[in-house]
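All remarks here apply to the structure that follows.
The values are calculated or read from the model by the stated rules, or taken from the named source; none is laboratory data. None of these values were measured; they are calculated from a predicted model. Because the Cβ atoms are built from the backbone with ideal geometry, glycine has one as well, and the counts that use them run over all protein chains shown.
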């Protein structure tokens, strides 16, 4: 696998890759590290390859709901859903438009798959959506629809949500799971440190499973991946990977955009899933 491989080298004529992005801490908005610029470059390449890109459908663990909700508003607000950070962070806005028509397509696809999804016209963008999108599409001109993570869902459930939306990739839509490759905030103490060994071992196990296209192992990561309980004391920030995997289907040709580790314990692995070539 090649790091930072541009979409143009691996995408087919009509199929937009699926994307998993690690959104890190809220400070990622202003402390972009290597991952932020890498996302910007990838987003630029994607829009060159797919000039008719219609919009983005994104799932974030910072919107958890009973059942599945879909953002249907025309102009979602930017929600600073965090506390105790520098004032500059709260001044940031991501004024991307919503996409009511695309939201209705998402609702129809989910409902056709047996998911009792409902629209939410008031939902704002949480930081799991707007922070990575700020790097990916800084012009904030692509319409965005956010989908909630259902409370109590497991990897197979979230995979099924992504699978229901798989056809959107052939209609100019980027499907994104926004989470974190590792996410143990009890170990977040600030300051630059070397990556913790368990972070690298877990992340590279996932990469190897992706390289083998070993979906059963990925779905059973909690029992099979090294240090899974430490990397993810709860599943919520890892489940968006399965949303991207479901949207990818057989397109498990993973191309890494970033393998950065921030604060010693936040793996920022970000990868695009392309059709095999």
Residue under evaluation residue 224, criteria (1) in contact with a helix residue (DSSP H, G or I) (Cβ under 7 Å, 6 or more places away or on another chain); (2) over 18 Å from residue 19 (Cα atoms); (3) modelled with pLDDT of 95 or more; (4) crowded, with 17+ Cβ neighbours inside 10 Å, criterion not met
(4)
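Per-residue answers, yes or no, for (1) at pLDDT 95 or above; (2) buried (at least 20 other Cβ atoms within 10 Å of the Cβ); (3) out of contact with any helix residue (DSSP H, G or I) (no Cβ under 7 Å at 6 or more places or on another chain):
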residue	(1), (2), (3)
86	no, no, yes
94	yes, yes, no
97	yes, no, yes
106	yes, yes, yes
114	yes, no, yes
121	yes, no, yes
130	yes, yes, yes
135	yes, yes, no
Considering only region 67-83, state which residues are assigned to a loop (DSSP other than H, G, I, E, B), at pLDDT 95 or above and either surrounded by 22 or more Cβ atoms within 10 Å (Cβ to Cβ) or more than 19 Å from the chain's Cα centre (by Cα) (or both).
68, 72, 73, 74, 75, 76, 77
Considering region 171-215 alone, what residues qualify as being more than 17 Å from the chain's Cα centre (by Cα), crowded, with 17+ Cβ neighbours inside 10 Å and not in a helix (DSSP H, G or I)?
184, 195, 196
If you go through region 57-64 one residue at a time, do you hit one that is loosely packed, with under 15 Cβ neighbours inside 10 Å and out of contact with any helix residue (DSSP H, G or I) (no Cβ under 6 Å at 6 or more places or on another chain)?
no
When restricted to 133, 168, 161, the only residue over 27 Å from residue 225 (Cβ atoms), part of a helix (DSSP H, G or I), under 14 Å from the mean Cα position of the chain (by Cα) and touching a residue at least 60 places away in the same chain (Cβ under 8 Å) is 133
Looking only at region 223-238, which residues are in a helix (DSSP H, G or I) and touching a residue at least 40 places away in the same chain (Cβ under 8 Å)?
230, 231
Sole exception among (1) surrounded by fewer than 21 Cβ atoms within 10 Å (Cβ to Cβ); (2) outside any strand (DSSP E or B) for residue 256, by number
(2)
I'm trying to understand the selection: among the residues of region 250-265, which are under 16 Å from the mean Cα position of the chain (by Cα) and at pLDDT 95 or above?
254, 255, 256, 257, 258, 259, 260
